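Colleague: Just passing along the structure, written as structure tokens.
The values are calculated or read from the model by the stated rules, or taken from the named source; none is laboratory data. Keep in mind it's a predicted model, so treat the numbers as computed, not measured. Note that each Cβ is placed from the backbone with ideal geometry, even for glycine, and that neighbours are counted across all protein chains shown.
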Amino acid sequence: MTTDLGFWVLQTLNALQLSMLLFLLSVGLTVIFGLMHFVNLAHGSLYAFGAYVAATLSGTLGYWGGFLLAPLAVAVLGAGLYFSLIQSQRRAGPMAQVLVTFGLIFVAVDATRLVWGDLPIGIAIPSFLDGQIALLGVEYPIYRLFIIALGLAILALLTLVLTRTQVGAMIRAGVDNDRMAACLGINVERMFFLVFVVGCALAGLAGAVAAPVLSVTPDMGLQILIPTLIVIVIGGLGSLRGAVAGSLIFGFVQTFGAVLLPTLSSVLIYALLAAVLVTRPEGLLPAKG
Amino acid sequence: MFTHTPLRLATLALLAAAALTYAAVAGFFGLEILAEIAILAILVIALDLVAGFGGMVSLCHGALLGVGAYAFTVAANDAGLTALPAMILAIALSTALAFVIGAVCARSTGIYFIMATLAFGQMAYSFVFQSPLYGGDDGLSGAPRPDLSALGIDLTDSRAFALYALLLVALAYAVAAATLRSGLGRSLVGLHHNEKRLRALGLTVWRAKATAFAISGALAGLAGCLAAQHTQYVSPGLLSWTVSGEALVVVILGGLGTLVGPILGAVLFVILKHEISALTPYWHAIVGLILIAVVMSRANGVFGFLETRLAARKPQPQVKEAKADA
């Protein structure tokens with residue numbers, strides 16, 4: 001099995017697909033943390049909400065309706081959260097933030113159960129992304145390639161915005177030193193809001209693209225939360241490069257661990273996390289040098 | 001530093017009296033709830049010891065509890081030990097594990113400490129969940145209850161078991177209070193306030209943190225043994241991070257760093273859970289809303305709120321200042 005080239009291609013694609021999904025989730029979370037020093041455990045719930053909205057809307061508006069509107073809906077929800085909870089907890093310290101957002105998870109899980117029920121919801125793949133394609137000797141689902149391409153496109157877009165535009169420079173300045181940035185005339189509060197809402201929208205987008213491959217269940221947000229946190233802690237809180245590196249490490253360790261060392265696979269990723277935290281407590285590529 | 005204020009002593013006495021009265025009159029279901037409260041109370045005492053006083057917010061206490069429960073069950077079933085030696089072995093294992101985790105995580109603070117403990121907790125969870133040796137996701141059954149027939153006590157009786165569980169809560173509380181009053185406990189509180197200063201005073205910081213974490217782990221292991229004896233069944237779910245998260249919620253609802261408050265929190269949490277889940281399947285949402293309200297109110301839980309209210313009402317005695325100088 002392991003000498004077959006097709007096996008490696010297939011597993012590499014699987015790993016990339018998982019990495020890109022995690023990247024969409026972790027990038028919002030990590031930039032929110034880097035900029036606002038805010039730990040949002042409810043980020044996974046936003047992802048679940050995105051998946052539910054996409055699943056519901058796809059019934060009437062088709063897949064692309066859900067795909068486009070889910071991030072918007074999650075962004076609106078995020079804006080509501082920002083003004084009701086996040087803003088007042090900004091300076092409350094990590095403990096209070098962890099607890100408030102942990103409480104939010106409880107509320108979110110039950111709210112989705114109340115609205116959409118306990119049963120998993122399925123969502124159809126749009127016809128031209130359905131089916132398989134031959135690639136380097138393996139048959140691979142087109143939809144999963146689409147997830148990889150989407151992740152790469154978002155990565156390129158974010159890199160461009162963060163490194164080449166004025167808004168990006170302002171965000172980087174804010175991550176580096178938010179007080180100094182405010183002194184230089186940057187409206188840091190408005191930037192926080194913008195970044196938070198964009199992070200939420202990306203979580204919603206991740207939910208929408210994940211909906212057809214994973215089943216949409218009330219606890220999907222809780223299930224993705226730990227992998228997302230591992231990604232941003234391994235990569236280094238607050239850094240885009242860290243989120244990319246963390247997502248790739250997690251995706252590959254998880255995927256190849258599951259096929260090569262099935263009895264150890266899930267211990268492996270936690271052992272890796274512990275090793276990173278012991279040797280590089282700030283993560284592999286921290287935002288601040 | 002931890003002191004027994006009159007309010008804390010009064011609350012303890014009230015809780016003890018209420019628990020003993022309830023244990024005497026309650027029916028089977030009530031006694032089961034009492035044992036459930038006792039298990040949670042021991043776990044939150046363990047968590048408050050490190051989180052409330054040492055600032056080490058741990059998300060691996062569920063795993064430490066689970067390791068205690070599994071070790072007890074395996075030692076009793078497979079190694080053929082009787083309940084008491086099996087308990088000692090299980091607690092020793094949780095203690096050793098907690099010491100290692102505490103030593104490794106000693107350098108991390110804040111969110112990194114939380115994540116590091118989460119990693120170790122999930123490692124233990126995944127190991128137990130995947131390993132076929134320990135029943136995997138089916139769990140293990142057949143944990144025995146201690147045989148106290150020599151003393152004329154039958155622990156298979158739920159009233160006797162509830163009283164035994166309450167006794168273990170008292171023991172756990174005594175251990176935690178004694179730890180906090182010892183030199184180690186004072187160092188722990190000092191570390192929470194200013195680690196640099198304690199380092200300058202010559203304290204070996206990692207050892208103090210690891211030792212405190214180990215004592216906390218011992219208590220969590222004790223809670224695990226009690227949980228295994230209570231349901232006589234252990235499942236990997238005991239080690240899950242959500243158990244640790246729930247314990248943290250209870251500590252916060254009760255009052256972080258008060259030791260008495262979390263016990264009160266455990267009582268309220270278990271009762272609320274049973275009352276609300278009888279009314280609606282969505283009791284988690286109610287707990288979540290209460291949690292958000294408590295944290296946003298900036299009160300230190302139910303007990304912390306009482307303490308600050310009472311302290312605000314009566315003028316601060318002058319004697320306290322003089323004592324601190326002496």
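Colleague: Can you list the helices (runs of 4 or more DSSP H) found entirely within region B:102-194 that contain at least 2 residues being more than 12 Å from chain A (Cβ to nearest Cβ)?
Modeller: Values: elements: B:110-130, B:158-181, B:183-193.
Ranges flagged: B:158-181, B:183-193.
Colleague: Go through A:GLY78, A:GLY65 for me and flag whichever is in a helix (DSSP H, G or I), more than 7 Å from chain B (Cβ to nearest Cβ), closer than 18 Å to A:ALA206 by Cβ and touching a residue at least 12 places away in the same chain (Cβ under 8 Å).
Modeller: Just a single option satisfies the conditions, and that option is A:GLY78.
Colleague: Something else about it: Looking at A:PHE106 and the list (1) more than 30 Å from A:ALA149 (Cα to Cα); (2) at pLDDT below 80, which single condition is not satisfied?
Modeller: So the condition that A:PHE106 fails would be (2).
Colleague: What number goes with the only condition from (1) farther than 30 Å from B:ARG199 by Cα; (2) at pLDDT 90 or above; (3) within 14 Å of another protein chain (Cβ to nearest Cβ) that B:ALA71 does not pass?
Modeller: (3)
Colleague: Give me the pairs: first residue in region A:91-112 and within 7 Å of chain B (Cβ to nearest Cβ) and in contact (Cβ under 8 Å) with a residue 12 or more places away in the chain, second residue surrounded by fewer than 23 Cβ atoms within 10 Å (Cβ to Cβ) and among the charged types (D, E, K, R), beta-carbon distance under 8 Å, and six or more apart or on different chains, which are they?
Modeller: A:VAL109/A:ASP219
Colleague: If you don't mind, there's one more thing I want to ask. When you look at A:THR165, is it within 30 Å of A:GLN132 (Cα to Cα) and at pLDDT 85 or above, yes or no? Spell out the reasoning first.
Modeller: Numbers: within 30 Å of A:GLN132 (Cα to Cα): no; at pLDDT 85 or above: yes.
Considered against the rule, which asks whether it is within 30 Å of A:GLN132 (Cα to Cα) and at pLDDT 85 or above, A:THR165 comes out as no.
Colleague: Among the listed residues B:SER131, B:SER108, B:SER149, identify the single one that is without any contact (Cβ under 8 Å) to a residue 12 or more places away in the chain and under 30 Å from A:VAL39 (Cα atoms). Outline the logic, then answer.
Modeller: Numbers: B:SER131 fails: under 30 Å from A:VAL39 (Cα atoms); B:SER149 fails: under 30 Å from A:VAL39 (Cα atoms).
So the residue among B:SER131, B:SER108, B:SER149 that is without any contact (Cβ under 8 Å) to a residue 12 or more places away in the chain and under 30 Å from A:VAL39 (Cα atoms) is B:SER108.
Residue-wise test of (1) free of Cβ contacts under 8 Å to residues at least 60 places away in the same chain; (2) surrounded by fewer than 22 Cβ atoms within 10 Å (Cβ to Cβ); (3) aliphatic (A, V, I, L, M).
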{"residue": "B:LEU9", "(1), (2), (3)": "yes, yes, yes"}
{"residue": "B:ALA13", "(1), (2), (3)": "yes, yes, yes"}
{"residue": "B:ALA38", "(1), (2), (3)": "no, no, yes"}
{"residue": "B:LEU43", "(1), (2), (3)": "no, no, yes"}
{"residue": "B:ALA46", "(1), (2), (3)": "no, no, yes"}
{"residue": "B:GLY55", "(1), (2), (3)": "no, yes, no"}
{"residue": "B:ALA79", "(1), (2), (3)": "yes, yes, yes"}
{"residue": "B:LEU84", "(1), (2), (3)": "no, yes, yes"}
{"residue": "B:LEU89", "(1), (2), (3)": "yes, yes, yes"}
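Colleague: Let me ask something else. Could you pull out the residue among B:LYS273, B:LYS314 that is more than 30 Å from B:ALA160 (Cβ to Cβ), modelled with pLDDT under 90, more than 10 Å from chain A (Cβ to nearest Cβ) and surrounded by fewer than 20 Cβ atoms within 10 Å (Cβ to Cβ)? Spell out how you get there, then give the answer.
Modeller: On the way: B:LYS273 fails: more than 30 Å from B:ALA160 (Cβ to Cβ).
Just a single option satisfies the conditions, and that option is B:LYS314.
Colleague: Report, by residue number, each residue of region A:39-62 that is under 27 Å from B:ALA293 (Cβ atoms) and without any contact (Cβ under 8 Å) to a residue 24 or more places away in the chain.
Modeller: none
Colleague: Considering (1) modelled with pLDDT of 90 or more; (2) out of contact with any Phe, Trp or Tyr (no Cβ under 9 Å at 6 or more places or on another chain), say which one B:HIS4 fails and leave the rest.
Modeller: All conditions pass for B:HIS4, except number (1).
Colleague: If the requirement is being in contact with a strand residue (DSSP E or B) (Cβ under 9 Å, 6 or more places away or on another chain) and either charged (D, E, K, R) or over 25 Å from A:VAL278 (Cα atoms) (or both), which of these qualifies: B:ALA247, B:ALA228?
Modeller: Numbers: B:ALA247 fails: in contact with a strand residue (DSSP E or B) (Cβ under 9 Å, 6 or more places away or on another chain).
Being in contact with a strand residue (DSSP E or B) (Cβ under 9 Å, 6 or more places away or on another chain) and either charged (D, E, K, R) or over 25 Å from A:VAL278 (Cα atoms) (or both) holds for just one of B:ALA247, B:ALA228, which is B:ALA228.
Colleague: Would you check which residues across region B:204-219 are in contact with a helix residue (DSSP H, G or I) (Cβ under 9 Å, 6 or more places away or on another chain) and surrounded by fewer than 17 Cβ atoms within 10 Å (Cβ to Cβ) and list them? Lay out the reasoning, then the answer.
Modeller: The initial filter retains those residues of region B:204-219 that are in contact with a helix residue (DSSP H, G or I) (Cβ under 9 Å, 6 or more places away or on another chain), namely B:205-219.
B:VAL205, B:TRP206, B:ARG207 - these are the residues of region B:204-219 that are in contact with a helix residue (DSSP H, G or I) (Cβ under 9 Å, 6 or more places away or on another chain) and surrounded by fewer than 17 Cβ atoms within 10 Å (Cβ to Cβ).
Every residue, every condition in (1) out of contact with any Phe, Trp or Tyr (no Cβ under 9 Å at 6 or more places or on another chain); (2) closer than 16 Å to B:LYS209 by Cβ, yes or no:
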site: B:ILE45; (1), (2): no, no
site: B:ALA51; (1), (2): yes, yes
site: B:GLY54; (1), (2): no, yes
site: B:SER58; (1), (2): no, yes
site: B:ALA71; (1), (2): yes, no
site: B:ALA79; (1), (2): yes, no
site: B:PRO85; (1), (2): yes, no
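Colleague: Here is a further query. Does region B:222-240 contain at least one residue that is under 16 Å from the mean Cα position of the chain (by Cα), within 14 Å of chain A (Cβ to nearest Cβ) and in a helix (DSSP H, G or I)?
Modeller: Among the residues of region B:222-240, at least one is under 16 Å from the mean Cα position of the chain (by Cα), within 14 Å of chain A (Cβ to nearest Cβ) and in a helix (DSSP H, G or I), which makes the answer yes.
Colleague: One residue is enough: does region A:237-256 have a residue meeting the conditions more than 20 Å from the chain's Cα centre (by Cα) and either within 12 Å of chain B (Cβ to nearest Cβ) or assigned to a helix (DSSP H, G or I) (or both)? Outline the logic, then answer.
Modeller: First, the residues of region A:237-256 that are more than 20 Å from the chain's Cα centre (by Cα): A:256.
Then drop every residue that is not either within 12 Å of chain B (Cβ to nearest Cβ) or assigned to a helix (DSSP H, G or I) (or both), which leaves A:256.
The answer is yes, given that some residue of region A:237-256 is more than 20 Å from the chain's Cα centre (by Cα) and either within 12 Å of chain B (Cβ to nearest Cβ) or assigned to a helix (DSSP H, G or I) (or both).
Colleague: Restricting to region B:244-268, give me the number of residues that are more than 9 Å from chain A (Cβ to nearest Cβ), surrounded by fewer than 24 Cβ atoms within 10 Å (Cβ to Cβ) and part of a helix (DSSP H, G or I).
Modeller: 3
Colleague: Out of all the residues in region A:257-276, which are modelled with pLDDT of 80 or more, of a type outside the set (Val, Ile, Thr) and part of a helix (DSSP H, G or I)? Please lay out each step first, then the result.
Modeller: Step one: list which residues in region A:257-276 are modelled with pLDDT of 80 or more, which gives A:257-261, A:267-276.
After this cut, where a residue has to be of a type outside the set (Val, Ile, Thr) as well, the list is A:257-258, A:260-261, A:268, A:270-275.
A:GLY257, A:ALA258, A:LEU260, A:LEU268, A:TYR270, A:ALA271, A:LEU272, A:LEU273, A:ALA274, A:ALA275 - these are the residues of region A:257-276 that are modelled with pLDDT of 80 or more, of a type outside the set (Val, Ile, Thr) and part of a helix (DSSP H, G or I).
Colleague: Considering only residues that are at the interface with chain A (Cβ under 8 Å from one of its Cβ atoms), without any contact (Cβ under 8 Å) to a residue 24 or more places away in the chain and more than 16 Å from A:ALA111 (Cβ to Cβ), which ones fall in region B:282-297?
Modeller: B:MET296
Colleague: How about region B:145-156: which of its residues are under 15 Å from B:PHE28 (Cα atoms) and out of contact with any helix residue (DSSP H, G or I) (no Cβ under 9 Å at 6 or more places or on another chain)?
Modeller: Matches in region B:145-156: B:THR156 only.
Colleague: If I go through region B:279-312 residue by residue, how many of them are in a helix (DSSP H, G or I) and in contact with an Asp or Glu (Cβ under 9 Å, 6 or more places away or on another chain)?
Modeller: Pass one, region B:279-312, residues in a helix (DSSP H, G or I): B:279, B:283-296, B:301-312.
Retained after the next criterion (residues that are in contact with an Asp or Glu (Cβ under 9 Å, 6 or more places away or on another chain)): B:283-288.
Within region B:279-312, residues that are in a helix (DSSP H, G or I) and in contact with an Asp or Glu (Cβ under 9 Å, 6 or more places away or on another chain) number 6.
Colleague: Please state which of the following conditions B:ASP137 fails to meet, knowing it meets all the rest: (1) surrounded by 18 or more Cβ atoms within 10 Å (Cβ to Cβ); (2) over 23 Å from the mean Cα position of the chain (by Cα).
Modeller: So B:ASP137 meets the others, but not (1).
Colleague: Out of (1) among the polar types (S, T, N, Q); (2) within 9 Å of chain B (Cβ to nearest Cβ); (3) within 21 Å of the chain's Cα centre (by Cα), the odd one out for A:SER265 is which?
Modeller: (3)
Colleague: Does B:GLY80 meet the test of being part of a loop (DSSP other than H, G, I, E, B) and either more than 14 Å from every other protein chain (Cβ to nearest Cβ) or in contact with a strand residue (DSSP E or B) (Cβ under 9 Å, 6 or more places away or on another chain) (or both)?
Modeller: Numbers: part of a loop (DSSP other than H, G, I, E, B): yes; either more than 14 Å from every other protein chain (Cβ to nearest Cβ) or in contact with a strand residue (DSSP E or B) (Cβ under 9 Å, 6 or more places away or on another chain) (or both): yes.
Yes, satisfied.
Colleague: Suppose the filter is more than 11 Å from chain A (Cβ to nearest Cβ), among the small types (Gly, Ala, Ser) and in a helix (DSSP H, G or I); does B:ALA92 pass it?
Modeller: Details: more than 11 Å from chain A (Cβ to nearest Cβ): yes; among the small types (Gly, Ala, Ser): yes; in a helix (DSSP H, G or I): yes.
It is true that B:ALA92 is more than 11 Å from chain A (Cβ to nearest Cβ), among the small types (Gly, Ala, Ser) and in a helix (DSSP H, G or I).
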